[in-house]
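Below you'll find the structure, written out as structure tokens, and then a few comments.
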Amino acid sequence: MADHFLPRACFQALFDALHGQGYTCRGPRVRDGAIVMDEVAGVDDLCFGLRDRQAPGSYALEEGAGRYFAWANGPLALKPLTFAPRETLWRAAKDGDGALSFTEPEPAPEPVAVIGARACDLAGLALQDQHFLGDEPDAYYQARRDNLFLVAVNCTHPADTCFCAATGDGPEATHSFDLVLSELDHGFLVRAGSDAGAAVLDALPTEAATDAQNADASAAIDAAATAQSRGLPSQNLREFLFANPTHPRWEEVAERCLSCGNCTNVCPTCFCHSLETVPDLEGTTADQVRQWDSCFTAGHSYLHGIVIRDTTAHRYRQWLTHKLAGWHDQFGRSGCVGCGRCITWCPTGIDLTEEVAAMWADFEGGGADG
């Protein structure tokens, strides 16, 4: 239950409060035909009255409800704001005498506030936190994470590709936020999820929320969950997938898969990366660069002259089995948060839920490897 209501006419006050605390704000804007989280000064920069239509291999924007957040998600979640697509980890330099020195760039990220994060995005971020902030925290990730302020918005308009209700990660934001909003016709219910969020909330011109407003918000979230038609047969597919390494479906999906890596780029939880040494033209310095990689590239499984996963079928199996099965051993849950991005942004419209369902039908019937 939210105790605070922020009238739509006062929405700019949220941006002003965040700017006053030194944050650069990012919110939903349209770029290249998609809704992305880009820098915004205030409400006038946000996309308004739009909704997205998503299907396997398809994304389009159209006129929708007169709201700021009546859309599901865009191509990128929060991952690029914490796990940089490309960054230098350390530099080697050679002086005039040929002596080498090594330095690490000092992380100095600016404070960023994201307005409009969804429950699936927060679930993905929590998994990234487990990986990068575990026993040996990644200093570059941690510096950006510590400077991130998250304003979540409960989802009320899921896309046809969404299935966060099936994975247990949405559509209501329940963790990892500083503030959470529920958008109504005339304003927003607001609730704090951290001390930093409470400090910003105290600076807003809110009114007391009513029982009717809370009921409307809850009904909209419930309707968003009910509207989702995709799903998975279980939240734990570990035993099932590990028992089916030679199912014929792997070869069938490989006939359509391009091994392009789009699914891993847009996935909010994928964290594979490669390391590359980049020398300057004079040969006096060299940067050790980390950049996003994908288990769909040949180089990802290259080992001493051999590509271990040398077919598309093997690469797709690696991705899906690791995401839905191996993650249970590493993180205690599936690596899929039900955002549906891998379905929408696959050029050939491959649907993860469809592939799992096809194998599951044989598994239940005792066919294939089952």
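The values are calculated or read from the model by the stated rules, or taken from the named source; none is laboratory data. Fair warning: this is a prediction, and the values are worked out from it, not measured in the lab. We place every Cβ from the backbone using ideal geometry, glycine too, and count neighbours over all the protein chains shown. The area values use the complete protein model at the heavy-atom level, side chains included, leaving out ligands, DNA and RNA. Shrake-Rupley method; radii C 1.70, N 1.55, O 1.52, S 1.80 Å.
Go through (1) more than 22 Å from Gly338 (Cβ to Cβ); (2) open to solvent by 40 Å² or more (accessible area, probe 1.4 Å); (3) touching a helix residue (DSSP H, G or I) at 6+ places or on another chain (Cβ under 6 Å) one by one and return the number of the condition Ala9 breaks.
Going through the list (1) more than 22 Å from Gly338 (Cβ to Cβ); (2) open to solvent by 40 Å² or more (accessible area, probe 1.4 Å); (3) touching a helix residue (DSSP H, G or I) at 6+ places or on another chain (Cβ under 6 Å), Ala9 breaks only (3).
Evaluate the following for Leu237: is it touching a helix residue (DSSP H, G or I) at 6+ places or on another chain (Cβ under 8 Å), within 22 Å of Gln128 (Cα to Cα) and hydrophobic (A, V, I, L, M, F, W, C)?
Judged against the criteria, Leu237 is a match.
Tally up the residues in the range 196-226 that are without any contact (Cβ under 8 Å) to a residue 12 or more places away in the chain and either among the charged types (D, E, K, R) or surrounded by 15 or more Cβ atoms within 10 Å (Cβ to Cβ) (or both), please.
Final tally of qualifying residues: 4.
Identify the single condition in (1) surrounded by fewer than 16 Cβ atoms within 10 Å (Cβ to Cβ); (2) outside any helix (DSSP H, G or I); (3) more than 24 Å from the chain's Cα centre (by Cα) that Ser229 does not satisfy, given that it satisfies every other one.
It fails just one condition, (3).
Out of all the residues in the range 273-288, which are more than 26 Å from Cys257 (Cβ to Cβ), assigned to a strand (DSSP E or B) and either open to solvent by less than 60 Å² (accessible area, probe 1.4 Å) or β-branched (Val, Ile, Thr) (or both)?
Within the range 273-288, Thr277, Val278, Thr285, Ala286, Asp287, Gln288 qualify.
Can you tell me how many residues within the range 95-119 are free of Cβ contacts under 8 Å to residues at least 24 places away in the same chain, part of a strand (DSSP E or B) and not hydrophobic (A, V, I, L, M, F, W, C)?
2
With respect to Arg29, determine if the residue is open to solvent by 50 Å² or more (accessible area, probe 1.4 Å), in a strand (DSSP E or B), touching a helix residue (DSSP H, G or I) at 6+ places or on another chain (Cβ under 7 Å) and on the phi < 0 side of the Ramachandran plot.
yes
Please state which one of Cys260, Cys267 is in contact (Cβ under 8 Å) with a residue 12 or more places away in the chain, under 20 Å from the mean Cα position of the chain (by Cα) and surrounded by 16 or more Cβ atoms within 10 Å (Cβ to Cβ).
The unique qualifying residue is Cys267.
Among (1) modelled with pLDDT under 95; (2) open to solvent by less than 50 Å² (accessible area, probe 1.4 Å), which single condition is Leu100 missing?
The failed condition is (2).
In the range 45-94, what residues are open to solvent by 20 Å² or more (accessible area, probe 1.4 Å), outside any loop (DSSP other than H, G, I, E, B) and farther than 22 Å from Asp287 by Cα?
Within the range 45-94, Asp45, Leu50, Arg51, Arg53, Ala55, Ser58, Tyr59, Ala60, Leu61, Glu62, Glu63 meet the criteria.
Could you look through the range 289-303, keep only residues that are open to solvent by 30 Å² or more (accessible area, probe 1.4 Å) and not in a loop (DSSP other than H, G, I, E, B), and pick out the one that is farthest from Arg341 (Cα to Cα)?
By that ranking, first place goes to Leu303.
Pick out the one residue from Ala196, Ala217, Ala192 that is at pLDDT 95 or above, within 21 Å of Ala159 (Cβ to Cβ) and within 25 Å of the chain's Cα centre (by Cα).
Selected residue: Ala217, the only one of Ala196, Ala217, Ala192 that is at pLDDT 95 or above, within 21 Å of Ala159 (Cβ to Cβ) and within 25 Å of the chain's Cα centre (by Cα).
Of the residues Gly193, Gly168, Gly187, only one is open to solvent by 10 Å² or more (accessible area, probe 1.4 Å) and on the phi > 0 side of the Ramachandran plot; which?
Going through Gly193, Gly168, Gly187 in turn, just one is open to solvent by 10 Å² or more (accessible area, probe 1.4 Å) and on the phi > 0 side of the Ramachandran plot: Gly168.
Of the residues that sit in the range 120-142 and are open to solvent by less than 20 Å² (accessible area, probe 1.4 Å) and free of Cβ contacts under 8 Å to residues at least 60 places away in the same chain, which one is nearest to the chain's Cα centre (by Cα)?
Leu122
Can you say whether Pro347 is touching a residue at least 24 places away in the same chain (Cβ under 8 Å) and open to solvent by 60 Å² or more (accessible area, probe 1.4 Å), as far as the supplied structure shows?
yes
If only one of Thr348, Thr285 is among the hydroxyl-bearing types (Ser, Thr, Tyr) and either within 20 Å of the chain's Cα centre (by Cα) or over 22 Å from His247 (Cβ atoms) (or both), which one is it?
It is Thr285.
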